[in-house]
Amino acid sequence: MLSEGSSFMKGMVMGGLFCLVLSLMGSFSPISDYKTDNHHHHHVKAASKEELSRRFSDSQVQGLNNQIRVYCVIMVQPKNLIYWATVIETWSKHCDKAEFYTSESSKALEAIDLKEKDDWARLRKALKHAYENAGDLRWFFVAQPTTFAIIENLKYLILTKDPNEPFYLGKTMKSGELDYVAYDSGIVLSYEALKRLINVFQDEEKCPEKGRALWKLSEDKQLAVCLKYTGVFAENGEDAHGKGLFNSRTVDSLIADSIKDNPNDVVEGCCSDLAVTFSGMSPNQMHVMMFGVYRLRPYGHDFHDSLAFYPPEGSDND
């Protein structure tokens, strides 16, 4: 009887302690003391043609072609070798600089071996390397090998944005009170945002390399928590009409939904014609996208764009 009573009391004590821990965790917010003075926008829209003509002369618009340059940070692993190879052969050639960061080296493909198995720690190392080796590049695009990106449309989105301001763009998602940019649809960081992030990496209390929570946050949520401490907030990238530019699904799945929901206007109901990314793409789909985006042309059509972003010298995609 004494033994049963003792076990009962131990259970009561342990249960009480567990409830106390949960209560404390519920009242604790890891992002409660972040700065808010530098954040004025939750939706970042691409400029309309009318806005460009108002703000810039023709010669200034042409000059912007050489000013907007993007460093692509592409996270790969040897187990995804075919995706890795496909990104090398397709859209990454349109980045002004593309670096592949891997968890371990591969004899088949060249990449920067970070010698790190943990996803969050590896992403931190990759971003630090990109920051230290950016040269005069002031925009950074972080992607997975199953993402397809149209870099020219990304450049158009950030055309009128100042990289010396803290921008953290993509497809925004919500988890509790945390707004974050979805990793699978690509993450865009300005130089100022990345600089603040690199600085907060040094603060283990605010931005630990190894999470201390009972559950493990995904890399994109960890990134949002760390950036929030520096006054940088997730923002949704949109075209001038408010349509999202970063997609976490494939083109065919988006079109399939539009056929069902908007049978009288499938194209308009699907996606923005200035979309930056699509996600979950197979290698075959990426090659089809390259043909459709960069090669196929309707004869006699001229879209009269006011400027053109050309791929870097040496790229065989145009």
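Here are the numbers:
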| quantity | calculated |
| --- | --- |
| Pair residue 48, residue 282: separation of 7 Å Cα→Cβ label points (nm) | 4.1 nm |
| Within the accessible area of the range 91-249 (1.4 Å probe), percent carbon and sulfur | 46 percent |
| Full-stretch length increase - residue 243, residue 55 - with 0.36 nm per residue and alpha-carbon distance subtracted | 65.4 nm |
| Burial order of peptide ranges 144-154, 230-240 (average beta-carbon count within 10 Å, highest first) | 144-154, 230-240 |
| Protection proxy ranking, peptides 122-128, 176-182, average beta carbon neighbours within 10 Å, highest first | 122-128, 176-182 |
| Distance between the range 247-296 and the range 175-197 - C-alpha centres, whole angstrom | 24 Å |
| Spin-label pair residue 105/residue 268, simplified geometry with 7 Å Cα→Cβ offset, distance in nm | 5.6 nm |
| Positive dipole terminus of the range 186-289, leading residue within 270, 242, 223 (C-beta point charges) | 223 |
| Reach of residue 243 by Cα under 19 Å, taken over aspartates and glutamates that are not fewer than 8 positions away in the same chain | 50, 51, 152, 179, 184, 235, 252, 257, 261, 265, 268, 273 |
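The values are calculated or read from the model by the stated rules, or taken from the named source; none is laboratory data. What you are looking at is a predicted structure, and each value in this text was computed from that prediction instead of being measured. Cβ: placed from backbone, ideal geometry, glycine included. Neighbour counts: every protein chain shown. Keep in mind that these areas ignore ligands, DNA and RNA; they rest on the heavy atoms of the full protein, side chains included. Shrake-Rupley method; radii C 1.70, N 1.55, O 1.52, S 1.80 Å.
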